[in-house]
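Asker: I have a structure I would like to understand better, so I am pasting it below and will then ask my questions one at a time.
The values are calculated or read from the model by the stated rules, or taken from the named source; none is laboratory data. As the structure is a prediction and not an experimental result, all values here were calculated from the model. Cβ atoms come from the backbone with ideal geometry, glycine included; neighbour counts cover every protein chain shown.
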């Protein structure tokens, strides 16, 4: 158990590059931030491999979680001012919930989410961490857990943590825009938060905030295609997943690879959500993993005897990324086979090694899903109208339709 500090001044002011000076409203937030579980987030990049396209995108999950907590504090203040009852305990709990909403992320955030631990999402691991921390903090996180899991009567508090207009999205759009330099993602978060209200226990936006919501939805769509699913980012993430898959395969075949103790632990074994819930040692091992473990191993793997592992590792370290083609339809099998033939001959690969170098899959972007907890507007006459039905912007209806594209990723021959 990590000792909780008592001798420090916990009313800290943090200089955030996006919002300026932000503060921690109560002591328990400071104590949670000081915990090693939370400090680990300093070593996990928010945008995975995106810095290979946008060099400034080196911000971390630590930055993002603090920013989202700041926005949550502002949202609670606005809702209280409008007559919505939120107790001090509820405020503390919802601030804890948003502070810890990403604590279960593994190295490189979403890139390796289903590679290091298969079939377990970061939200599920976040919940395991929150339950563990609640034990260490004598049950003080129990209410936060109820809100995080949507098991608390005030539904709007959960929607502030995880919903179509949650503080998570508010922060990451502004923050990712700031660090990548992609101005299309900038949103009017202050305006949207000022327009928030509660109706029948559900989070709503007052009618005059409709244009800010439209901008938010359009910005989210643009950021997905321009940053999160940028084709070069996708290529680098495919390569990172391939090198990890190869390392796990070689480890299970008996090859001893360089890895930190925690990384070695997960290379050798596969675990389920049940394991995380029932094995405190497993959670502690996961808490030792961050970007440093993965990148340090890949630097060494460049010089491994295994051709697949060394080749892809070298390409990642030296940014010799795979070529990627993106289209609106599936790639024809004839083209895929031709590329496989060329790659196999040029890199002198075996048939069972080709899958590490050639990947085809789909990319999906659904900026807004009106059927899954849509964004509701509180009209001046008291009616509640879903935003796509109230908007005169035809793009909003279009944004509710998922867009699917297909990619084919493979090495550039001779590069």
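Asker: Only residues that are free of Cβ contacts under 8 Å to residues at least 24 places away in the same chain, under 19 Å from residue 112 (Cα atoms) and not in a loop (DSSP other than H, G, I, E, B): list them for the stretch 250-274, please.
Answerer: Within the stretch 250-274, 251, 252, 264, 265, 267, 268 qualify.
Asker: If you take the residues of the stretch 206-231 that are surrounded by fewer than 22 Cβ atoms within 10 Å (Cβ to Cβ) and in contact with a strand residue (DSSP E or B) (Cβ under 7 Å, 6 or more places away or on another chain), which of them is nearest to residue 402 (Cα to Cα)?
Answerer: 221
Asker: State yes or no: is residue 319 under 29 Å from the mean Cα position of the chain (by Cα), modelled with pLDDT of 95 or more, under 29 Å from residue 42 (Cα atoms) and not in a helix (DSSP H, G or I)?
Answerer: yes
Asker: Can you name the condition, by its number, that residue 135 falls short on among (1) in contact with a helix residue (DSSP H, G or I) (Cβ under 6 Å, 6 or more places away or on another chain); (2) in a helix (DSSP H, G or I)?
Answerer: Only one criterion is unmet by residue 135, namely (1).
Asker: In the stretch 100-123, is there at least one residue being in contact (Cβ under 8 Å) with a residue 12 or more places away in the chain, more than 19 Å from the chain's Cα centre (by Cα) and either surrounded by fewer than 21 Cβ atoms within 10 Å (Cβ to Cβ) or under 27 Å from residue 285 (Cβ atoms) (or both)?
Answerer: No; the residues of the stretch 100-123 include none that is in contact (Cβ under 8 Å) with a residue 12 or more places away in the chain, more than 19 Å from the chain's Cα centre (by Cα) and either surrounded by fewer than 21 Cβ atoms within 10 Å (Cβ to Cβ) or under 27 Å from residue 285 (Cβ atoms) (or both).
Asker: Scanning the stretch 293-308 for residues that are under 23 Å from residue 44 (Cβ atoms) and in contact (Cβ under 8 Å) with a residue 60 or more places away in the chain, which turns out surrounded by the fewest Cβ atoms within 10 Å (Cβ to Cβ)?
Answerer: Among those residues, the one meeting the criterion is 293.
Asker: Take residue 125 and tell me if it is closer than 19 Å to residue 277 by Cα, modelled with pLDDT of 85 or more and assigned to a loop (DSSP other than H, G, I, E, B).
Answerer: Answer is no for this residue.
Asker: Within the stretch 323-359, how many residues turn out to be in contact with a strand residue (DSSP E or B) (Cβ under 9 Å, 6 or more places away or on another chain) and within 23 Å of residue 249 (Cα to Cα)?
Answerer: 5
Asker: With the stretch 1-97 as the region, which helices (runs of 4 or more DSSP H) entirely inside it contain at least 2 residues that are out of contact with any helix residue (DSSP H, G or I) (no Cβ under 8 Å at 6 or more places or on another chain)?
Answerer: Correct list: 27-34, 61-81.
Asker: Any chance the stretch 334-355 includes a residue that's under 23 Å from the mean Cα position of the chain (by Cα), crowded, with 18+ Cβ neighbours inside 10 Å and assigned to a loop (DSSP other than H, G, I, E, B)?
Answerer: no
Asker: Considering each of 188, 163 in turn, give the residue that is modelled with pLDDT under 95 and in contact with a strand residue (DSSP E or B) (Cβ under 7 Å, 6 or more places away or on another chain).
Answerer: Unique residue meeting the criteria: 163.
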